[in-house]
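A.B. asks: Sharing a structure with you now.
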Amino acid sequence: MDYEFINSFKKPQVQNNWFLDLNPLSKLNIILILAIIPIVVKRWEVSVVIILFYFLIAAASSRLKQFSKVYVRLALLIGSLLFIMRAMFIPGEDVLMKIGFLTITQEGVDHGLQFATLVVAICGALVLYSVATQARDLMLVLEKKGVPHTATYVILSSLQSIIDLGNMSKLIMESQKARGIETEGKVTNRIKSFFPILGPLFLGAISNSEEKAIAMDARAFYAPGKNTHLRELRPVSLSEKSVLILINLVFVGFIVWRVVG
Amino acid sequence: MKKMNKLTIFLIPIGIAVNFIGGQIALLLKLPLYLDSIGTITVGALCGGIPGALVGAITNVSISVTNPTSLAYIWLNIGFGLLAGYLSKKGVFKKLWKTVIAGFGFAIIGGGVGSMITILLFDGLGAGTTGMITGMLMTIGFSVQAGAFISELFADLLDKIPTLIIVFFILKSIPVRTLAKLPLGHVLIDMDKVQGASRKVA
């Protein structure tokens, strides 16, 4: 018997990293502040600093690889699209160059740079939070705060269903190809092949969920009593609480200073 | 959520997953459509507006992890769910031609509310092909608002009518014994067919 594994459920499961082991709501608070700062300040330099700061946090919590894998591609795609579109289409006086019917102006470039970095900075907050927090931890905290367990079940179960149905769809696609349904070629062929793939997938999932509902009912899913949990979260320490309050106070002060000043 | 139909709770995750997978299959087959609201509309039609709206909301929140701009368009998917529930109550999904006409309703939500969000948050120039079309329309002489509305209405109409046709056939293929357990199943069950079948058995 693996006693170490069994005993690990007796105490809070930690990952031995100061940022990852913060309470999920404390993390949410910090990351929300990081996302709001560029909205308030509206300067591209600040957005870039915040973006670099995300990478710093990701590195400090040893999640740099996962974070940059998602974020770099996303930032380049969304950022460049938003920037190019604004640079090309926003009218202005200070013309930089003319290509065909497009006139690129200084105003367009400035606005594009500011807006693209702002959106990329806000996106970064979401990506960082998803990388640094496990969904089940967040749901556990929410359940402790009074969210019904059916709601948290729905969310966790959907994340699992996406993975399961994704694998299933690949399987169905291969089998339909083997049966001779064309998934390549003309657009009409490809549209026609959509239904034999999605149809069995969806109908199978619906009849599965019927069985699941009965199985869960038999396991007292709707019992009115209080749930117990296999997983525990570390209690929020006094220092974590006080640092968080301090950060929030500084942030509120900063907002007030920006609005008044 | 306490009073929700028991089967509904287990169908919401399926709806969310189908939204995802539908979009992915459309990408894999290189179709020029999104097809990413099939789950929302089907669950809305089967279980009512509120579960449909929940499917839409959770879908957009989960997509936002890989594409955060989708969080801004959460209202669209909520609207699709609510509208699907309402139309289903009226029996729209029982006839194909009514379902196709309903596509215009969904496209107006998609184009109208969608372009409003694009204008408010992205000044009308979203990151995507519709943003490109908006930009082109602006250079021809349309205002930002008109350009965004026209391009997004057009893109949504192209997407929602095939989506609804798929939803119609999926609803038609769900067995009666499953429909009978769902909140709006009684609207969708074709009574003539059921009675005809029972007469045949007798």
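Read-outs throughout are calculated quantities, based only on the coordinates presented, and are distinct from any laboratory measurement. These numbers come from a predicted model, not from an experiment. Backbone-built Cβ (ideal geometry, glycine too); neighbour counts: all protein chains shown.
A.B. asks: Based on C-alpha coordinates, I'd like the Rg and Dmax of the stretch A:172-256, in Å.
C.D. replies: Answer for the stretch A:172-256, Rg first and Dmax second: 26.3, 66 Å.
A.B. asks: Same structure again: Calculate the FRET efficiency for A:ARG73 and A:ILE163 from the Cβ-Cβ distance with a Förster distance of 22 Å, rounded to the nearest 0.05.
C.D. replies: Values: r = 21 Å, r/R0 = 0.94.
Rounded to the nearest 0.05, the efficiency is 0.60.
A.B. asks: Of B:LYS90/B:LYS172; B:LYS30/B:LYS160; A:LYS27/A:LYS145; A:LYS27/A:LYS144; A:LYS212/B:LYS6; A:LYS10/A:LYS241, which sit over 22 Å apart, Cα to Cα? Each step should come with its number before you reach the end.
C.D. replies: Values: B:LYS90/B:LYS172 16 Å; B:LYS30/B:LYS160 17 Å; A:LYS27/A:LYS145 16 Å; A:LYS27/A:LYS144 17 Å; A:LYS212/B:LYS6 10 Å; A:LYS10/A:LYS241 24 Å.
As for pairs spanning more than 22 Å Cα to Cα, those are A:LYS10/A:LYS241.
A.B. asks: Under 10 Å, Cα contacts only: if you run a Gaussian network model on chain A, which one of A:THR152, A:THR105, A:THR228 comes out with the highest mean-square fluctuation?
C.D. replies: It is A:THR228.
A.B. asks: Over chain A, what relative contact order in percent results from Cα pairs under 8 Å that are six or more residues apart?
C.D. replies: Normalised by residue count, the contact order of chain A is 24 percent.
A.B. asks: Comparing A:GLN66, A:GLN114, A:GLN176, which has the greatest mean-square fluctuation in the GNM of chain A with Cα pairs linked when under 10 Å apart?
C.D. replies: So, out of A:GLN66, A:GLN114, A:GLN176, the one fluctuating most is A:GLN176.
A.B. asks: In nm, to one decimal, how far is the A:ILE39 label point from the A:GLU4 one, both placed 7 Å along Cα→Cβ?
C.D. replies: 4.5 nm
A.B. asks: Okay, next question. Just rank A:LYS226, A:LYS170, A:LYS98, fewest to most, by other beta-carbon atoms within 10 angstrom. Walk me through the numbers before you get to the answer.
C.D. replies: On the way: A:LYS226 6, A:LYS170 15, A:LYS98 9.
Exposure proxy ranking, most exposed first: A:LYS226, A:LYS98, A:LYS170.
A.B. asks: Give me the base-10 log of I(q)/I(0) for the stretch A:52-145 at each q in 0.21 Å⁻¹, Debye formula, one uniform scatterer per Cα, rounded to two decimals.
C.D. replies: Log-scaled intensity ratios, in q order: -0.95.
A.B. asks: Also, quick follow-up: Evaluate peptide B:30-38: per residue, the Cβ atoms of other protein chains within 10 Å of its Cβ; return the mean as an integer. Let's see the in-between values first.
C.D. replies: Working: counts 4, 5, 3, 2, 0, 3, 0, 0, 3.
Mean number of neighbouring Cβ atoms from other chains: 2.
A.B. asks: Another question, if that's okay. Helix B:144-173 versus the longest principal axis of chain B: what is the Cα-based angle in degrees, 0 to 90, to the nearest 10?
C.D. replies: 20 degrees
A.B. asks: Can you compute the modelled spin-label distance between B:LYS89 and A:LEU64, with each label point 7 Å from Cα toward Cβ, in nm?
C.D. replies: 5.6 nm
A.B. asks: Now for a different question. Could you list the square roots of 5 times each eigenvalue of the Cα gyration tensor of chain A, that is, the equivalent ellipsoid semi-axes, sorted largest first and rounded to whole Å?
C.D. replies: Over the Cα atoms of chain A, the ellipsoid semi-axes are 40, 35, 16 Å.
A.B. asks: Once the Cβ-Cβ distance between A:VAL250 and A:GLU93 is put in as r, and R0 is 30 Å, what FRET efficiency do you end up with, to the nearest 0.05? Mind showing how you got there, number by number?
C.D. replies: On the way: r = 40 Å, r/R0 = 1.34.
The pair A:VAL250/A:GLU93 has a calculated efficiency of 0.15.
A.B. asks: Just to compare against my own numbers: the Cα pair-distance distribution for the stretch B:6-189, 10 Å bins, whole % per bin, please.
C.D. replies: Answer for the stretch B:6-189: a P(r) of 10, 38, 34, 14, 3, 0 percent.
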